[in-house]
Each structure stands twice: as C-alpha cells, then as structure tokens.
1. Toward the positive end of the charge dipole of the protein assembly as shown, about the Cα centre and with charges on Cβ (Lys, Arg +1; Asp, Glu -1), which of B:228, B:85, A:73 goes farthest?
2. For the protein assembly as shown, take N as its residue count and report Rg(C-alpha) divided by 2.2 N^0.38 Å.
3. What is chain A by shape, rounded, prolate or oblate, if you read a ≥ b ≥ c off the alpha carbon gyration tensor as root eigenvalues and call it rounded for a/c under 1.5, prolate for a/b larger than b/c, and oblate otherwise?
4. On average, how many beta carbons from a partner chain sit within 10 Å of the beta carbon of a residue in A:67-74?
5. Using alpha carbons only, how many degrees (0 to 90, rounded to 10) separate the axis of helix B:34-63 from the longest principal axis of chain B?
6. Give me the accessible area of residue B:174, 1.4 Å probe, in Å² rounded to the nearest 10.
7. Expressed as a rounded percentage, what relative contact order does the range B:44-113 have, with Cα pairs under 8 Å and six or more residues apart?
8. Rounded, prolate or oblate: which fits the range B:1-144 when a ≥ b ≥ c are the square roots of the eigenvalues of the alpha-carbon gyration tensor, with rounded for a/c under 1.5 and prolate only if a/b beats b/c?
Amino acid sequence: MAQAATRAIGHVEEQQHPIKLYLVVWGWLFVLSTCSYLVDYFGLQGYLRWSLILLFMILKAGLIVAVFMHMAWERLTLIYAILLPPVLVLIFVGMMVFEANYTLFTRLSFFVT
Amino acid sequence: MTNPTRDSLTRPDGWEGFAADWSSDQRAFKTASWGKVMMWIFLLSDTFVFSCFLLSYMTVRMSTTVPWPNPSEVFALELGGKPVPLILIAIMTFILISSSGTMAMAVNYGYRRDRDKTAALMLMTAAFGASFVGMQAFEWTKLIREGVRPWGNPWGAEQFGSSFFMITGFHGTHVTIGVIFLIIIARKVWRGDFDQEKPGFFTSRKGRYENVEIMGLYWHFVDLVWVFIFALFYLW
C-alpha cells in the first residue's frame with residue numbers, strides 16, 4: 001500500500017496538459033515568427049529593428065522552453081540548474097564585444113589605408 | 001516503511017524547496033527522472049556549443065573592416081519575377097515550429113497511451129524535419145553555385161561563408177540526427193515497446209512513454225536553436 005503510494009508520487013513526472021494549450025502556443029509561435037519576418041520585410045533599421053528582433057526571439061524561446069519542454073512545471077531546482085548557466089554566456093558576449101572592438105580598432109589603425 | 005511518502009507529500013515549493021532539494025543528501029532533482037535530467041544536461045552542453053558558434057560569428061562580424069553581406073538580399077528568392085527577402089528561411093522557420101507543435105502533441109498522446117496517434121504525430125514531426133533538411137540542402141546548393149565558400153563570397157566579408165556553413169551545418173546535423181531518432185522511437189511506440197516495458201537495446205532500461213518526452217526535449221531544442229540562428233544570423 002505504502003509502496004503503491006510512493007510509486008504513484010514517483011510518477012508525477014508524467015506531464016499531462018490539455019492539447020489546447022499546445023495549439024495556443026503553436027499559434028503564438030506562428031504570430032511571433034511572422035512578426036520577426038515582417039521586421040525584415042518592411043526593412044526596419046537601427047535600434048527599433050534590433051530590439052524587435054531580440055524581443056520576438058526571447059518570447060519565442062521562452063514559450064518553447066516553458067510549455068513545449070515543460071520547464072514551467074518542473075521544480076525550481078531543475079529550472080535554475082539548466083537556465084542559469086546559459087545566462088552566464090552573456091558575460092562571454094561582453095568579453096568578445098570588447099575584444100572585437102579592439103581588433104577592429106587595430107585593423108583600422110594599422111591595416112586599412 | 002510505515003510512512004515513506006511523508007517527504008514527497010510535504011515537499012516544499014519555491015526557494016525553500018530549492019534549498020531542501022539540493023541539501024537533501026539524495027537525488028537533487030526530485031520529480032525529474034535521471035533520463036530527463038541527463039537529456040537536459042546534454043542540451044545545456046549543446047547550448048554552450050551553439051553559443052560558441054554564434055559568439056565567434058558575432059566577433060568576426062564586428063571586427064571586420066569589410067562590409068557584411070546583407071542576408072536579406074543574399075537569402076532572397078525570385079518569386080513571380082521579383083525577389084522576396086528571406087522567404088525560404090521564413091518557410092523553414094514555420095516548418096520547424098510546426099514540427100515542434102506535432103512533437104508536443106505526440107508527447108501528450110504518449111502519456112494517454114494512444115499508440116497510433118503518438119507514432120503518427122512523431123512520423124509527421126520526422127517528415128517536417130526531413131523537409132527542413134531538404135530545404136537547407138537547396139539553400140546550400142544555391143549559395144555554393146553563387147560562389148559562396150568558407151573563404152570568400154562575391155558580396156563582402158569572407159567570414160560570412162565560414163560562419164554560415166558552420167552554424168547552419170551544425171544545426172542541420174542536429175535536425176538529421178533528430179529525424180533518425182524520431183523514426184526509431186516512433187517504431188518502438190508503434191510496436192508497443194513502452195506498453196510492454198521492453199528494455200532498450202542500448203541502456204537495457206525498461207521502456208516507458210517518458211522516452212517520447214525525452215525525445216521531444218531534444219527536438220524542441222533543435223527548434224529553439226533555430227530561433228536564435230534565425231534572429232541573430234538571418235535577421236541581424
């Protein structure tokens with residue numbers, strides 16, 4: 001009896017959600033993809049373009065990870081173990097922006113005539 | 001043994017649960033099976049691989065003194081006599097998103113023990129994936145014919161070719177491997193391996209419908225990576 005209960009609780013792993021939820025997310029992903037395509041189609045430029053592209057990218061990634069990959073229903077332990085390390089990549093991005101600007105500076109100073 | 005479930009029944013949530021899980025001197029991931037956790041950790045490592053590709057692309061693009069080819073024009077297709085920007089890439093994006101949708105539904109039907117629907121949806125996912133790879137092959141052929149090489153191209157910075165082939169090639173490889181695995185798992189579902197808990201040929205572990213969800217995690221990740229490639233390489 002006790003063992004059966006343990007097994008039942010051990011199986012909360014099974015993710016069961018209504019199909020409608022997936023269809024709604026699917027629809028939103030289509031809308032967001034269309035939006036990001038339209039950014040290019042209408043040729044928006046500058047900060048508006050970059051911020052819109054990044055916004056749609058983050059929203060799409062969030063929907064996929066949270067609903068399709070069921071991260072929204074996992075325990076905080078797994079969420080932080082998986083989602084925090086990629087955030088640290090942003091530090092790497094910062095380092096490489098600094099490095100790339102320096103490389104560009106040396107190329108402009110010494111190689112471009 | 002009288003009350004072995006006390007711990008799981010009263011498991012705290014939020015930060016308290018976070019601290020309790022990590023300090024429990026047991027498995028830290030209480031509700032996720034080892035298979036699922038291992039897939040997540042593999043995907044985390046794969047995230048770093050793709051991050052490195054996108055980072056090196058950013059670095060070479062920022063540091064070159066030669067103008068970068070305009071992806072909007074490079075990836076345009078002639079439709080009805082006039083060029084439509086990025087149209088093939090947009091179609092590929094919609095196809096990959098649709099494949100993620102069918103995959104999510106396959107996982108759902110798997111847990112409802114609906115073998116036919118699960119296998120059919122997984123095969124649909126595989127078909128979407130295969131058509132994605134086909135379109136990518138078409139795109140590569142077109143660009144190579146136009147003279148794009150890893151060391152140069154007719155429009156600008158040489159680094160465009162190497163970044164393009166490296167990033168989309170690695171992603172395409174992931175899609176291809178995913179298609180192969182989808183077919184393997186769909187066959188297992190179809191045969192009823194997961195109903196009979198038949199052990200897998202590699203792990204010898206009992207087959208469960210969770211395998212479909214773990215397969216799904218990989219497939220959604222492939223879609224996820226494409227979201228970033230689409231935004232950062234094609235739209236930027």
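1. Value: A:73.
2. Relative to the 2.2 N^0.38 Å estimate, the protein assembly as shown comes out at 1.12.
3. oblate
4. 6
5. Relative to chain B, helix B:34-63 is tipped by roughly 20 degrees.
6. 20 Å²
7. On the way: 24 pairs, mean separation 10.3, N = 70.
Taking the mean separation of contacting Cα pairs over the length of the range B:44-113, I get 15 percent.
8. Details: a/c = 3.81, a/b = 1.75, b/c = 2.18.
Cα axes put the range B:1-144 in the oblate bin.
The values are calculated or read from the model by the stated rules, or taken from the named source; none is laboratory data. Remember, predicted model here, so these are calculated numbers, not experimental data. Neighbour counts are summed over all protein chains in view; Cβ atoms, including those assigned to glycine, are modelled from backbone coordinates with ideal geometry. In case anyone asks, the SASA skips ligands and DNA or RNA and just uses the protein heavy atoms, side chains included. Shrake-Rupley method; radii C 1.70, N 1.55, O 1.52, S 1.80 Å.
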